[in-house]
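Here is the structure we will look at.
The values are calculated or read from the model by the stated rules, or taken from the named source; none is laboratory data. Worth saying up front: this structure is predicted, and the values here are computed from it rather than measured. Cβ sites come from the backbone with ideal geometry, for glycine too, and all protein chains shown count toward neighbours. Accessible surface is based on the protein model in full, side chains and every heavy atom, while ligands, DNA and RNA are left aside. Shrake-Rupley method; radii C 1.70, N 1.55, O 1.52, S 1.80 Å.
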Amino acid sequence: MLRPHALLRRTAMIDRLPPQHPDRIALANELHARPFPELAAPCRAAMIALQPESGAAERDPEADRAHLRALLDRHGAQHPAPGADHYFGALGRARLKWERHTEFVSYTLFLDGPAAQPFDGADFALFPPDWLAEAPGRIIASALVHVDLTEDAAAPGPAERAILERCFSAESLALSRVLDGKALAATDFRLHEHGCARIAVFVRPEVGRRRLGRLVQRLLELETYKSASMLTLPVARRAQRRLSEIDQELTRLMEGLRRGDGDSRATLDALMELSTEIETMAARAAFRFGAGRAYETIVRDRIAALREERVEGRQTFAEFINRRYDPAMRTCHAAEGRLRDLAARAARVADLLRTRVDVEMSAQNQALLESMDRRAALQLRLQETVEGLSVVAISYYAVNLAAYTLAPLAKMAHVDKTWLTAALAPPVVAAAWWGLRRMRRRLAGGGD
């Protein structure tokens, strides 16, 4: 026992600790925000999961909470805390567990005692029809759970066999011994009357309330997340059909590229259009594929948590999942992988075609430069020819002008006009040639 001065010393040490991270308390509480129900056999449960048709991940959380409050008001039940994503409380003669997930919201009713008839669906009457009609979404999963006592969980007794034969499909029935051999769990993963899956649990009397609650919750989550992950399958099938068409078009473009057929720029435009469509498909399906993988992981975790034991040679939950569920998930994985690979393939072909277009443009530019060089050389020769003619023309007029100007002086000096013209011609031609050369250098050099 701590002495008073020791307790004060420890309290003072705690007061000197650094401040708490702003999210620490909220994150610690998150681990305990969704407790398992406590159940005692015999009992029953009814669950529905609702998801909007579009924009499920971006839906308004207040719409989900308002719909919950409307149900609670029908029964005079207490409202959840503002901003809550989980609620557990009394709802008439039942207890309601409400959970808001990323894409859907689930309502689960737990009721004590056996039903008048197993899986009769009468418990759904606690969900008023008009309230269901106003739900912000459609049902993606629903299940009825029948929990009863059994004296021996090693194998179904006569009463359990009667329920299994009457309420489940023998062809797809999965039956396992769970809870370390103290309970039997059965389902056929089918939708029966009322559009609900059926789950039966037969448990020995010594199984505790919390342990039974965990088992029922895991079985309901198995059904819920199995249904949620299967929503990826239609998306994968639609993507596979369109990807097959795109694959054929891409192959045709690659064959044309190999043979050198057609206009490279037109081919590049067509390829860029295909790449854009592939990227658009990938962007739209990315969340669905990611959510499907996450839900599949939860399904497998719930199967592993059951720690099943085989009963009378019946298939287990894991065997059913491996045989019926896994092929659907592999289809989804294949579509996701094919979409990713086709996008990479289109990018590689686009790079090759873009390189080919660049080479062709470089060759065109080279030919254009050579043509410009030829035209420049021709212009230079033409300019030199014009310069020569200009020298002759300028010299002719300059000699005649100088001869007319100096003619009186030549006559006084008794020099013949012909000799005067002959004497003036060389210096005038030289002066004209030098002047034109000097002018061309100044124009070419931008100055002296």
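Quick notes on this structure:
- Rounded to whole numbers, the Karplus 3J(HN,Hα) couplings from phi for the range 296-302 are 4, 4, 5, 4, 5, 5, 5 Hz, using 6.51 cos²θ - 1.76 cosθ + 1.60 with θ = phi - 60°, and x at Gly and Pro.
- Shape class of the range 124-204 from the Cα gyration tensor (axes a ≥ b ≥ c, square roots of the eigenvalues): prolate, since a/c reaches 1.5 or more and a/b is larger than b/c.
- Cleavage-rule hits, GluC sites (Glu not before Pro), the range 188-251, DSSP coil, Cβ neighbours within 10 Å at most 16: Glu206
- Normalising the average separation of contacting C-alpha pairs (under 8 angstrom, six or more residues apart) by the number of residues puts the relative contact order of the range 39-183 at 35 percent.
- Per residue value of the accessible surface for the range 162-313 (all protein chains in place, 1.4 Å probe), Å²: 48
- Net +/- balance of residues flanking Arg93 in space, Cβ distance below 11 Å, scoring K and R +1, D and E -1: -1
- Percentage relative contact order, the range 215-338, counting C-alpha pairs under 8 Å, at least six apart: 51
- Portion, in percent, of the accessible area of the range 222-379 that falls on carbon or sulfur, probe 1.4 Å: 54
- Taken as Cα centroids, the range 185-227 and the range 262-301 sit 37 Å apart, rounded to the nearest whole angstrom.
- Principal axis extents of the Cα atoms in the range 204-245, from largest to smallest and rounded to whole angstrom, are 60, 12, 8.
- Cut-off 13 Å between beta-carbons: net charge of the residues surrounding Arg211, Lys and Arg +1, Asp and Glu -1: +4
- Over all other residues within a Cβ to Cβ distance under 14 Å of Ala115, the charged ones net out to -1, with Lys and Arg as +1 and Asp and Glu as -1.
- Peptide ranges 117-130, 38-51, 292-305 listed from the most packed, as the mean C-beta count within 10 angstrom indicates: 38-51, 292-305, 117-130
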